[in-house]
Amino acid sequence: MVIVSDVMLREFVTEILKAAETPEEEAAWVADCLVLSNVKGVDSHGVQQIPGYVKAIQEGHLKPGAELEVVKETAATALFDGGGGYGYTMAREAMEITIEKAKKAGVAYSGVRNLHHIGRVGRWAEMAIEEEMIGIASQPGGVYVAPWGGIDRKLPIAPIAVAFPAGRHKPVVIDMSLGPTAGGRNAILALRKMRLPPGWMVDDDGKPADDPAMFQRGGGAQLPLGQAGLGYKGMALNMIIDVLSGPLLGFTGTKGSPFQRRGVFLGAINVEAFTPLDEFREGVDAIIEDLKSSRLATDFTEITVPGEPEWREQERRLREGIYLDDEIYRRILDTAEKMGVDSSKYKGKPGKLEITHPSYTLKHRYE
């Protein structure tokens, strides 16, 4: 493992993106979003994405400096075109507009098409809680999941986030993919030579598989969420995101990459259009505290609510530094060198990570 500070990593990533012809302000914003993912322990959506972004720019699939354009608009809705630009830039601007509409209309929804990866979808839902609202965000992501009863990749991984403010507790941020594991997380598990739990994946012949490296090579498919014969529910959830970010935004075919044939769906709900904010916060606190009062199952030491592990990891990593796999950081350093960025002052220091984020700590499921 390599340990780097969030400040140093943010500066390093900014320099790489600037060298890839990204305007300075946009480069700093994208770097901030990527590093925040690492800070929160969501390494799958962090700086390991940098080599892929630079390649996408060089191949013309990602256009730095693109501007968001309004395609269609009402008082409570909007459809945007991202011009092939950074998803981070387009999602931020679209969510800002969505929030402003929700302040007036009570609720608002928007869609963005023709944009690149938006990273951790929770980032955009969190923008709403900064305004004391409920936030919703989703982007289909890679087509990794087989339909219920099938063995071919047909459904998107469908990450979705819903965030809402609380009172005495940290805001709740539900941020998850609707397949067993995100592509970036699968890549990390493959790098660490870990195994997947039963029921997560099948190989090309439809037989149970547990090797994430096979999946990284393009083999097999993930299975829809749902154990004990309940995968049809997971398939249904995936289809919701597929429709909201596909046909609803004007996509009618299946040609091209997921970024070309699907977009981003965003929403904001003004709490005070329904109930006083203080009463809402009190109600959310009551739900959290009731959940935490449950008796514990075997092998569990506490009950955490969505978003809580990330808030804890953020405090820890801001204090101790960000931990990156050696191979991931080597790829970033190589990318920097190819772009002419001096990486000598961004080497970091060696360290050993005590993994605490639940995405990687369920050892009884992975080993």
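No lab work stands behind these numbers, since they all come straight from the coordinates. Please read all numbers here as calculations on a predicted model, not as lab measurements. Cβ placement follows ideal geometry from the backbone for every residue including glycine, while neighbour counts extend to all protein chains displayed.
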message: Test of understanding: what is the full-extension gain from Lys233 to Glu320, defined as 0.36 nm times their sequence separation minus their Cα-Cα distance?
response: 27.3 nm
Quarter of Cα convex hull surface for the stretch 139-242, i.e. mean projection, nm²: 7.4 nm²
task: Please tell me the relative contact order of the stretch 171-323 in percent, rounded to the nearest whole number, where contacts are Cα pairs under 8 Å and at least six residues apart.
output: 19 percent
statement: Note: Met8 to Leu191 extended length (0.36 nm per residue) minus current alpha-carbon separation gives 63.5 nm
For the stretch 56-73, 3J(HN,Hα) per residue [Karplus equation, 6.51 cos²θ - 1.76 cosθ + 1.60, θ = phi - 60°, Hz, x = Gly/Pro]: 4, 5, 5, 8, x, 8, 9, 10, x, x, 5, 10, 6, 10, 7, 9, 7, 8
query: How many angstrom lie between the C-alpha centres of the stretch 180-246 and the stretch 104-161?
result: 18 Å
task: Could you sort out which of Lys40/Lys193; Lys63/Lys338; Lys72/Lys104; Lys154/Lys207; Lys18/Lys72; Lys193/Lys347 sit more than 28 Å apart by Cα distance in this structure?
output: Lys18/Lys72
query: Projected onto the charge dipole of the stretch 20-69 (+1 at Lys/Arg Cβ, -1 at Asp/Glu Cβ, origin at the Cα centre), which of Ala28, Pro51, Leu68 gives the Cα projection farthest towards the positive end?
result: Pro51
- line: When the chain is treated as a Gaussian network with springs between alpha carbons less than 10 Å apart, the largest mean-square fluctuation among Phe280, Phe80, Phe12 is found at Phe280
- prompt: Can you pull the percent of Cα pairs in the chain with separation above 39 Å?
  reply: 13 percent
- request: Output the Cα-based Rg and Dmax of the stretch 20-107 in Å, rounding Rg to one decimal and Dmax to a whole number.
  value: 14.8, 42
statement: Long-range amide H partners of Gly84, meaning residues 5 or more apart or on another chain whose placed amide H is closer than 5 Å, are Leu115
message: Taking θ = phi - 60°, what integer Hz values does the Karplus form 6.51 cos²θ - 1.76 cosθ + 1.60 yield along the stretch 202-213, in sequence order, with x for Gly and Pro?
response: 10, 8, 5, 9, x, 8, x, 9, 9, 9, x, 5
- request: Work out, step by step, the length gained on full extension between Val243 and Glu337: first 0.36 nm times the residue separation, then minus their alpha carbon distance; give nm to one decimal.
  value: 29.7 nm
Whole-Hz couplings from phi, Karplus 6.51/-1.76/1.60, listed for the stretch 270-283; x for Gly and Pro: 7, 3, 6, 6, 10, 7, x, 4, 4, 5, 4, 4, 4, x
